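Structure, as structure tokens:
The values are calculated or read from the model by the stated rules, or taken from the named source; none is laboratory data. This is a predicted model, so every value here is computed, not measured. Please note: Cβ atoms are built from the backbone with ideal geometry, for glycine as well, and neighbour counts cover all protein chains shown. Note: areas computed on protein heavy atoms with side chains; ligands, DNA, RNA excluded. Shrake-Rupley method; radii C 1.70, N 1.55, O 1.52, S 1.80 Å.
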Amino acid sequence: MKKNTVRRFAEMKRSGERISMLTGYDYMWGSLLDEAGIDIILVGDSLGNVVLGFDTTCPVTMDDMIRHTAAVSRGVKNGFVLGDMPFLSANLGVYEAVKNAGRFVAEGGANGVKLEGGAGAAPVIGAIVEAGIPVCAHIGLRPQSVNIQGYVTQGVSEESAEQLRKDALAVEKAGAFAVVLEKVEPGLAGEITRMLSIPTIGIGSGPSCDGQVLVVHDMLGVYEKVPPFVKKYADLRKIILGAAEEYNREVKQGVFPEEKDADNKQTL
Ligand code: KIV
């Protein structure tokens, strides 16, 4: 298999081949999701929620993201590693944004960056692309703007739908290679997908997008509470709890280790 590139994603859009994206946060997720053939591994700032235990993504720092992106990159051979620009890292001027995007590539080994923003972010997207870094835009529900938007479906009113159409066209024109549509009203997500020549990657936006993304902890059932649009492909919570409880019991009862488990002459 060959390394995925933005040219391949453009070709997939043209030929109608769907793009798979999942989040990953360290070497384990990078290597497993890559082996599974996932096209894009997003080191999402959802790190803040599912790994670091915050209520929102806002406390996640550039240093957090770079450390985790580098760990993912060490595990990935073929997938496209996409680093997620955290809260304010792309909002304090073009110079800061390009510098921060550059850190994802130079220090994190990422192949591109994702940033939350539409028409207002177009100058920043253009400058990052000009610096040679592929950008995936993120419109619709933008979790870093939770204090303005809440977690509700976007594009329901005609005014909000019109703004999303403008955002989608603006990020495409600025040079984004793809755009994430989060919690966009599904009919509108389909309309935007047909309107754009770059791929749309949906999350909670229905089946018409060119690709789909989910948070890996959600789709594997690590936590009990997940957004309603998530399909659980496994019940990892049950498996992890079952194994840890059995280990706990066996250690306390002296069942593990047995003599045969403690053969120190064997090497790994
Ligand atoms: O941070 C993240 O995981 C994301 C996805 C939900 C698209 O931005």
Within the range 161-177, residues being farther than 24 Å from Val215 by Cβ and either open to solvent by less than 20 Å² (accessible area, probe 1.4 Å) or assigned to a helix (DSSP H, G or I) (or both) number 10
With respect to Arg7, determine if the residue is open to solvent by 30 Å² or more (accessible area, probe 1.4 Å), under 17 Å from Gly112 (Cα atoms), at pLDDT 95 or above and outside any loop (DSSP other than H, G, I, E, B).
yes
Given the criteria over 17 Å from the mean Cα position of the chain (by Cα) and modelled with pLDDT of 95 or more, does Gly126 qualify?
yes
Output the residues belonging to the range 135-163 that are more than 16 Å from the ligand (Cβ to nearest atom) and within 22 Å of the chain's Cα centre (by Cα).
Asn147, Ile148, Gly155
Which one is nearest to the ligand (Cβ to nearest atom) among residues in the range 197-208 that are open to solvent by 10 Å² or more (accessible area, probe 1.4 Å) and part of a loop (DSSP other than H, G, I, E, B)?
Gly204
Pick from Thr57, Thr23: which is touching a residue at least 60 places away in the same chain (Cβ under 8 Å) and within 16 Å of Ile201 (Cβ to Cβ)?
Thr23
Can you find, within the range 212-247, the residue that is farthest from Ala178 (Cα to Cα) among those that are of a type in the set (Lys, Arg) and in a helix (DSSP H, G or I)?
Lys238
Matching residues in the range 34-64 - criterion: being aliphatic (A, V, I, L, M) and either within 11 Å of the ligand (Cβ to nearest atom) or open to solvent by less than 20 Å² (accessible area, probe 1.4 Å) (or both):
Ile40, Ile41, Leu42, Val43, Leu47, Val50, Val51, Val60
Just name the residue that is farthest from the chain's Cα centre (by Cα) out of those in the range 10-21 that are open to solvent by 20 Å² or more (accessible area, probe 1.4 Å) and either within 13 Å of the ligand (Cβ to nearest atom) or under 19 Å from Val230 (Cα atoms) (or both).
Arg18
Could you list, in sequence order, the residues of the range 134-152 that are over 18 Å from Ala121 (Cα atoms) and either open to solvent by 60 Å² or more (accessible area, probe 1.4 Å) or part of a helix (DSSP H, G or I) (or both)?
Asn147, Tyr151, Val152
Scan Asp235, Asp167 and give me the residue that is under 26 Å from Val113 (Cα atoms) and in contact (Cβ under 8 Å) with a residue 12 or more places away in the chain.
Asp167
Within the range 178-196, can you find the residues that are open to solvent by less than 30 Å² (accessible area, probe 1.4 Å) and more than 15 Å from the ligand (Cβ to nearest atom)?
Leu188, Gly190, Ile192, Thr193, Leu196
Among the residues of the range 72-102, write down those that are open to solvent by 10 Å² or more (accessible area, probe 1.4 Å), among the charged types (D, E, K, R) and under 23 Å from Leu33 (Cα atoms).
Arg74, Lys77
So Lys183, is it modelled with pLDDT of 95 or more, basic (Lys, Arg) and in contact with a Pro (Cβ under 9 Å, 6 or more places away or on another chain):
yes
In the range 172-193, residues that are more than 18 Å from Phe9 (Cβ to Cβ) and β-branched (Val, Ile, Thr) total 1
How many residues are over 19 Å from Gly30 (Cβ atoms), of a type in the set (D, E, K, R) and surrounded by 15 or more Cβ atoms within 10 Å (Cβ to Cβ) if we restrict to the range 209-243?
2
